[in-house]
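Just below is one structure, and these are the notes that go with it.
The values are calculated or read from the model by the stated rules, or taken from the named source; none is laboratory data. Just so you know, these numbers come straight off a predicted model, no measurement behind them. Methodologically, a virtual Cβ is constructed for each residue, glycine included, from the backbone with ideal geometry; neighbour enumeration extends over all protein chains shown.
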Amino acid sequence: MKFFIFIALLIGLSSCHDVAKKQQLEELSILDKRVDHIQREYEALKKDTVSEMIYTMKELKYSVKFHIEGDTLSIDMAKKLDKYNRIYKKLCLVETYGEKILFGSQNVKNSISNLTNDIKNGDGDRSNYDKFLAFEMDKVDQLQQMVEDMSKLQKENIRAYLNVKNVVEDYAATLASK
């Protein structure tokens with residue numbers, strides 16, 4: 001009789017583990033799809049020509065610095081150049097976000113894959129699977145927030161760049177022609 005109770009208890013515990021295992025694998029699959037979505041969002045953001053803008057802005061900044069000499073600078077133009085420099089720095093920050101998102105998403109994909117394999121194979125301490133899963137969820141949430149922040153920063157500064165670009169280009173051309 002004790003043997004049958006022991007077997008029943010063993011079967012009950014193993015079936016509970018299978019339910020938890022299935023749920024954990026489903027959550028990891030959802031996380032993996034979220035990371036794929038984040039990567040697609042990043043790729044869509046990257047299509048904007050931020051790198052080209054940064055390169056153009058850098059060249060224009062150096063042109064102004066090289067040609068400005070002892071000329072007097074109006075307060076209005078100084079404000080526009082200052083705004084231009086702040087936009088440049090923020091667009092460089094957009095590039096930094098991009099690198100973090102790119103490498104972070106690859107890192108999370110690898111971690112999710114490793115955790116999925118561990119759960120499938122029953123490797124490691126099973127009691128920690130939920131902690132590891134929660135940790136990966138937090139990393140995915142952080143990546144999503146970074147994509148949203150990057151998108152907002154990029155849109156704001158591209159708009160600001162387009163508003164001040166022509167004035168600074170004209171000023172640089174005027175300085176270069178002297």
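Data table
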| read-out | value |
| --- | --- |
| Residue selected from region 19-68 under the condition assigned to a loop (DSSP other than H, G, I, E, B) and touching a residue at least 24 places away in the same chain (Cβ under 8 Å), by the criterion farthest from the chain's Cα centre (by Cα) | I68 |
| Index of the failed condition, K83 passing every other in (1) assigned to a helix (DSSP H, G or I); (2) over 30 Å from K47 (Cα atoms) | (2) |
| Looking only at region 34-63, and only at residues there that are of a type in the set (S, T, N, Q) and surrounded by 12 or more Cβ atoms within 10 Å (Cβ to Cβ), the one that is nearest to L133 (Cα to Cα) | Q39 |
| Among (1) surrounded by fewer than 16 Cβ atoms within 10 Å (Cβ to Cβ); (2) among the basic types (K, R); (3) closer than 14 Å to S111 by Cα - the single one K139 does not satisfy | (1) |
| D141, sole failed condition from (1) closer than 16 Å to E27 by Cα; (2) of a type in the set (D, E); (3) modelled with pLDDT under 90 | (3) |
| Residue match in region 113-129 (condition: among the hydrophobic types (A, V, I, L, M, F, W, C) and more than 24 Å from the chain's Cα centre (by Cα)) | yes |
| Any chance L81 is modelled with pLDDT of 85 or more and of a type in the set (A, V, I, L, M) | yes |
| Residues of region 103-120 satisfying the condition of being within 10 Å of L143 (Cβ to Cβ) and aliphatic (A, V, I, L, M) | V108 |
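Residue-wise test of (1) among the aromatic types (F, W, Y); (2) without any contact (Cβ under 8 Å) to a residue 40 or more places away in the chain.
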site: T96; (1), (2): no, yes
site: S111; (1), (2): no, yes
site: L115; (1), (2): no, no
site: R126; (1), (2): no, no
site: Y129; (1), (2): yes, no
site: A134; (1), (2): no, yes
site: D138; (1), (2): no, yes
site: S151; (1), (2): no, no
site: R159; (1), (2): no, yes
